[in-house]
Amino acid sequence: MTAGSAGAAVTVPRAPTPPPAAPADVDTVLVLDFGSQYSQLIARRIREARVYCELVPGTISAEEIRRRQPRGLIFSGGPASVYEEGAPRPDPGVYDLGLPILGICYGMQLLAHDLGGRVRPAARREYGQAILTVDDAQGVFQGLPSALPVWMSHGDVIEAPPPGYRTIAHSLNSPIAAMAGPQGRIGIQFHPEVGHTPLGREILGNFLGPVCGCRGTWEPANFIERVVAEVRDKVGEARIICALSGGVDSAVTAALVHRAVGEQLTCVFVDNGLLRRGEADRVVDVLTRNMHLDIRRYPAEDRFLEALEGVTDPEQKRRIIGREFIDVFETETQRLGDVPYLAQGTLYPDVIESTAPDTNHAHKIKTHHNVGGLPADLRFQLVEPLRYLFKDEVRQVGLALGLPADIVHRQPFPGPGLAIRIIGAVTPARLETVRAADWIVIDEIKRSGLYHKVWQSFAILTPISSVGVMGDGRTYANVVAVRIVTSDDGMTADWARVPYDVLADISRRIVNEVPGVNRVVYDISSKPPSTIEWE
Ligand code: XMP
C-alpha cells in the first residue's frame, strides 16, 4: 500500500468537525451540547422536522455560531448544576446574537441563571412522567392542549425567572416548568425529545417553525450534489478504495463516491464466510450490476474459520475477526498500486461520539467499532461522505442514488456476523446450522410483513443440547433461540410481541428443516438489562 509518492507511513488524524454542510436554501439550528444523554436525540428530532441541525460543544464561541448563521439555538440538558463550580456554560456573547434560544432542562436553568433569574436544588429530584399545565398557549405550546404528559428528569428548579420572562407552564413539582422571554427565548424543564413526551415533536416543531422561522426544506437528498462535489474536489484525479461490508452504510458510501469519481473508485469486499445465506453474492451482484461498481472480492472464509478455531470468548472472536479483516485488506490493497484515499461510512452519531464531552462516553459493553473498522494509522487519507447523516438519512440518500430498496432497508447485521450468533466455538457445521435457521426466521418474518416493523430478527445457536422425540426415536440435539426485537436505534430494545402463529411457523420449520435441531426457544428479554446480540 502506498501513500503518495514517498510511500512513507502517514498517520492521518481525525479531521476536526468541518463547517456546516447545509445548502443555502436550507435553515440551520445548532444544538449546544451540555452533556445530556439525549443531545443526539434532539438533533435527530430536528432533522426529522426537515430542519438542518448540528450538535456542537456547549462552549462553542459566539463568533463561530455567527459564522454558521443558524436561525436558532437549542441548549441541551446536562448532568451538572448551574451554580456548581466548573459547570459547563455557553460563551456569554451567545446571548448578544439576537437568536431565539430553546433551553431544555439544564439548558433552561442556564438561561435563568445567566440572564438574572434564580435556580436552586429541588426539594426532591423529579424523574419520570408528569402532567404539564400550560398557562399560556403561545410559542412552543401554540395549538396544543392545556394539559400534556411530559418527561421530567431534573434535580434543580427555577426559583425566579429572569427579568422580562414569564411563566408559561407549571407542573405539580415545578411551579416554573416553562418560561418565555423576549427574542424567542424559551426554557422548558422537561424533555420534548424523548418518546415519553408524546407531543414533543410538536413542541420542537413550534420552536423551529413559528419561533425561529425555519422553512423545513432539509432533505438528505439535498446533500448528494454537495457531497459529490466535495469528494471530487478532495480526490481530484487520484484513486480511492472503499471496503464493502454488505451493510447499508458502506454501500451508500461507495455509491456516492462512485458518482463523484467514477472509475477512480475500487471497492474491496472481504468475504469472511460469516454472512447470511446468499448475502455476499447478492450484495456484490447488485452493486456491480445496478451501480456499476468495480468490486474486488476476496474469499477468505477458510482463513477466518481457521483463526476462530476453538475460540469461545465473544471479545476474542471480535478481535480475531477485526485483525484478519485488516490483514486481508492491507495485503490486497497493496496490490492495487498507488491509492491515497480510503472512503469510510462513518455516520454522524460516530462523529458526535468521538467529539462528545466525557460525560457522554458510555461504558463499553462490546467493542463494536473494532470490527469491520480500520485502524487510524492506515496509510490513507480518509473520505467520509456520510459524516453528517443519521442512519435513516443514509437510507434516503441510498434510495435517491438508485440503490435497491431491499439493500437500503435491510436490518442491521453485526460486523462479526454469525460468529457472535454461535455461542461457543465456530465450526463449519455450526455455521451451517445457524445460517439455515436464520434463513427461516427472516423468511417467515418477511412473509408475515414484520420485516420492516422490527429492528432485527435472527437465530442464535446455543451451546445446549436437549432431549426430543422425532418419529419414534429419541433425539439429543441443538437448541436454537430466536431473537426478534423492536428498537429505534439499537441503544435500547424490547422483544417483539410477534403473533404466536408466526412464532409457531418459525419453530416448526426450524425443527423440520434444519438438521440437528430439536428445540426452539424465543428470547423475551429487553435491552437493558440484556443486549440485542447474545455475545
Ligand atoms: P447489542 O448486542 O450491543 O447490539 O445490544 C446493538 C446493535 O449493534 C450490533 N452489534 C454489532 N455491530 N459489530 C457491529 O458492527 C459488533 O461487534 C456488534 N455487536 C453488536 C447489533 O447487531 C445491534 O444492532
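Every condition in (1) within 16 Å of the ligand (Cβ to nearest atom); (2) assigned to a loop (DSSP other than H, G, I, E, B) is met by VAL485 except one, and the failing one is (2). Residues in the stretch 418-445 that are of a type in the set (Asp, Glu) and buried (at least 19 other Cβ atoms within 10 Å of the Cβ): ASP438, GLU444. Against the test of being touching a Lys or Arg at 6+ places or on another chain (Cβ under 7 Å) and part of a helix (DSSP H, G or I), the options VAL268, VAL351, VAL283, VAL311 yield a single qualifying residue, VAL351.
You will find that of VAL408, VAL394, VAL434, the residue that is within 16 Å of the ligand (Cβ to nearest atom) and touching a Lys or Arg at 6+ places or on another chain (Cβ under 6 Å) is VAL434 and no other. Within the stretch 66-116, the residues that satisfy the criterion of being over 19 Å from ASP27 (Cα atoms), among the small types (Gly, Ala, Ser) and out of contact with any Phe, Trp or Tyr (no Cβ under 7 Å at 6 or more places or on another chain) are SER81, GLY86, ALA87, GLY93, ALA112, GLY116. VAL311 - would you say it is among the β-branched types (Val, Ile, Thr), out of contact with any Phe, Trp or Tyr (no Cβ under 7 Å at 6 or more places or on another chain), surrounded by 16 or more Cβ atoms within 10 Å (Cβ to Cβ) and within 21 Å of GLU432 (Cα to Cα)? The answer is yes for VAL311. If the condition is being modelled with pLDDT under 95 and hydrophobic (A, V, I, L, M, F, W, C), then the stretch 410-455 contributes only PHE413. Selection of the stretch 271-280 for residues being hydrophobic (A, V, I, L, M, F, W, C) and part of a helix (DSSP H, G or I) yields only ALA280. Out of the stretch 98-157, which residues are assigned to a loop (DSSP other than H, G, I, E, B), aliphatic (A, V, I, L, M) and closer than 21 Å to ILE65 by Cα? Residues satisfying the conditions are LEU99, LEU115. Taking the criterion of being in contact with a Pro (Cβ under 9 Å, 6 or more places away or on another chain) and more than 27 Å from ALA221 (Cα to Cα), the only residue of the stretch 385-418 that qualifies is PRO416. Restricting attention to the stretch 411-431 and to residues that are more than 16 Å from the ligand (Cβ to nearest atom) and hydrophobic (A, V, I, L, M, F, W, C), the residue that is nearest to GLU315 (Cα to Cα) turns out to be ALA425. Looking at the structure I just gave you, is THR253 crowded, with 19+ Cβ neighbours inside 10 Å, within 22 Å of VAL394 (Cα to Cα) and either touching a residue at least 60 places away in the same chain (Cβ under 8 Å) or of a type in the set (Phe, Trp, Tyr) (or both)? Here the answer is yes, as THR253 does meet what is asked. Of the residues making up the stretch 316-326, none is of a type in the set (Phe, Trp, Tyr), away from the ligand (no atom under 16 Å from the Cβ) and either under 14 Å from GLY415 (Cβ atoms) or in contact (Cβ under 8 Å) with a residue 60 or more places away in the chain (or both). When the stretch 491-535 is limited to residues that are within 9 Å of the ligand (Cβ to nearest atom) and in contact with a helix residue (DSSP H, G or I) (Cβ under 9 Å, 6 or more places away or on another chain), the one that is nearest to GLN40 (Cα to Cα) turns out to be GLU533. Close Cβ contacts (under 6 Å, 6 or more residues apart or on different chains) running from residues in the stretch 375-402 that are within 26 Å of ASP327 (Cα to Cα) to residues that are assigned to a loop (DSSP other than H, G, I, E, B) and among the polar types (S, T, N, Q) comprise ASP377/THR11; LEU382/GLN344; GLU384/GLN344; GLU384/THR346; ARG387/THR346.
Summed over the stretch 477-504, residues that are without any contact (Cβ under 8 Å) to a residue 12 or more places away in the chain and in contact with a strand residue (DSSP E or B) (Cβ under 7 Å, 6 or more places away or on another chain) total 0. Number of residues in the stretch 28-49 that are in contact (Cβ under 8 Å) with a residue 60 or more places away in the chain and closer than 11 Å to LEU73 by Cβ equals 2.
Taking the criterion of being part of a helix (DSSP H, G or I) and free of Cβ contacts under 8 Å to residues at least 40 places away in the same chain, the residues of the stretch 403-428 that qualify are ALA405, ASP406. Is the stretch 248-255 home to any residue that is assigned by TED's automatic domain parsing to the domain that holds ALA343, of a type in the set (Asp, Glu) and not in a helix (DSSP H, G or I)? No.
In the stretch 446-469, the residue that is farthest from the ligand (Cβ to nearest atom) out of those that are within 14 Å of PRO412 (Cβ to Cβ) and buried (at least 17 other Cβ atoms within 10 Å of the Cβ) is TYR451. Checking the conditions here, which among ARG232, ARG239 is under 30 Å from THR333 (Cβ atoms), touching an Asp or Glu at 6+ places or on another chain (Cβ under 9 Å) and surrounded by fewer than 20 Cβ atoms within 10 Å (Cβ to Cβ)? Unique residue meeting the criteria: ARG239.
The values are calculated or read from the model by the stated rules, or taken from the named source; none is laboratory data. Just so you know, these numbers come straight off a predicted model, no measurement behind them. Cβ sites come from the backbone with ideal geometry, for glycine too, and all protein chains shown count toward neighbours.
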